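One structure below.
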Amino acid sequence: MMDLDRVNAYMARVEESETKTFQPVGSKLKVGLDLGTAYIVMVVLDEENNPIACEKQAAQVLRDGVVVDYSGALRIVKELKAKLEERLGTELMNCAIAMPAGTESSVKTHQYVAEGAGFEVTNVLDEPSAANSIYQIEDGVVVDIGGGTTGLAILKDGKVVQIEDEPTGGTHLTLVLAGNFHVPFQEAEAIKQDYSRHKEILPVVKAVVEKMASIVNRYIDKEHTDAIYLCGGTCCLTGIEKIFEKETGIRTIKPANPFLSLIHISEPTRPGRISHGS
């Protein structure tokens with residue numbers, strides 16, 4: 001069972017690290033990079049995996065886990081890396097990357113983006129497994145709903161035994177909202193991210209959320225699944241867990257900030273390149 005208080009406290013520190021740079025424990029730093037459909041996020045952890053700095057930027061350089069604007073992705077990753085290096089006063093060399101489940105064929109392109117920005121990629125994880133590095137679930141299902149897809153990792157005894165991913169994500173919610181309110185896509189995206197309007201828009205997008213839940217239903221063994229754990233930016237939609245719970249019949253748990261749960265661990269930056277922080 002996930003320790004929700006621990007996860008929420010961890011996510012709160014990640015969020016705080018967007019504006020505050022924490023003093024690291026030790027001199028070796030780890031970097032996680034998430035090339036998302038809606039945002040690109042870079043998080044730096046210390047030797048004890050405490051978040052010490054985070055930068056993110058809205059982006060439309062990926063579609064369903066595939067890089068469709070390489071130069072745009074590279075530019076943003078370089079900018080985020082430079083910002084973090086300035087904040088930390090050190091060169092960041094190694095990173096881990098997270099991929100939407102089922103997009104293994106796109107790994108090389110993601111690696112090229114990271115390498116083009118000056119990183120050595122030391123680990124590649126699917127996004128549900130990356131989230132579980134924080135959730136620390138032994139048995140259950142981690143569901144990551146990003147901009148383009150709904151992915152899931154089924155865990156038994158702390159190990160991922162099955163990974164699945166299908167189209168339908170936050171972009172589909174935005175398209176429904178754009179049609180319902182007769183507004184451009186970007187305006188609909190802003191409506192979706194406005195927490196004060198979630199109660200209003202939930203009935204509008206309910207059918208799409210039910211489809212996401214049906215994807216999970218297709219792969220899980222309900223008799224042997226005690227809980228579903230949500231992560232990913234789309235899960236920030238207030239009430240999404242209740243729809244999942246109703247459609248699957250399985251208790252569904254969501255941390256306070258599921259968007260920043262995709263923290264993935266790299267090998268620490270090699271000694272000798274850190275200018276401070278010991």
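Annotations for the structure displayed:
- Reduced Cα scattering model of region 138-217, Debye log10 I(q)/I(0), q = 0.23 Å⁻¹: -1.00
- Normalised contact order of the chain, rounded percent, pairs of Cα under 8 Å and 6 or more residues apart: 22
- CD proxy at 222 nm, helix term only [per DSSP H run n ≥ 4: -39500 (n - 2.57); per residue of the chain; nearest 500]: -11500 deg cm²/dmol
- Formal net charge of residues neighbouring ALA98 (Cβ-Cβ distance under 10 Å; K, R +1; D, E -1): -4
- Column: log10 I(q)/I(0), Debye, Cα scatterers of the chain, q = 0.10, 0.16 Å⁻¹: -0.49, -1.24
- Positive contributions from Lys and Arg (+1) and negative ones from Asp and Glu (-1), summed over other residues with Cβ under 12 Å from the Cβ of GLU79, come out at +2.
- Averaged over residues, the count of other Cβ atoms within 10 Å places the peptides 13-24, 75-86 in the sequence 75-86, 13-24, highest first.
- Dipole magnitude (debye, nearest 20) for the chain, charges at Cβ of Lys, Arg, Asp, Glu: 420
- If both residues of a DSSP beta bridge must be in the chain, then about 65% of such bridges are antiparallel.
- In a reduced charge model with +1 at each Lys and Arg Cβ and -1 at each Asp and Glu Cβ, region 1-140 shows a dipole moment near 460 debye about its Cα centre.
- In plain terms, the bigger the Kirkwood radius, the slower the diffusion; for region 1-134, with that radius from Cα pairs, at 37 °C and 0.692 mPa s, Stokes-Einstein puts D at 218 µm²/s.
- A dipole drawn for the chain from +1 and -1 charges on Cβ atoms has a positive end, and of ASN180, THR109, CYS235 the residue lying farthest that way is ASN180.
- Efficiency of FRET between GLU138 and SER196 - r from beta-carbon atoms, R0 30 angstrom, step 0.05: 0.20
- Percent of alpha-carbon pairs separated by more than 16 Å within region 32-93: 44
- Pairwise label distance in nanometres, ALA207 with TYR70, each label 7 Å out on the Cα-Cβ vector: 3.9
- Of PRO24, TYR39, ILE97, farthest towards positive along the dipole that unit charges on Lys, Arg, Asp, Glu beta carbons give region 20-158: TYR39
- Of all DSSP beta bridges confined to region 10-126, the antiparallel ones make up roughly 60%.
- Separation of alpha-carbon centers, region 55-124 and region 208-257, rounded to whole Å: 28
No value in this document is a laboratory result; all are computed from the given coordinates. Since we're looking at a predicted model, the values are computed, not measured. Note that we place each Cβ from the backbone using ideal geometry, even for glycine, and neighbour counts take in every protein chain shown.
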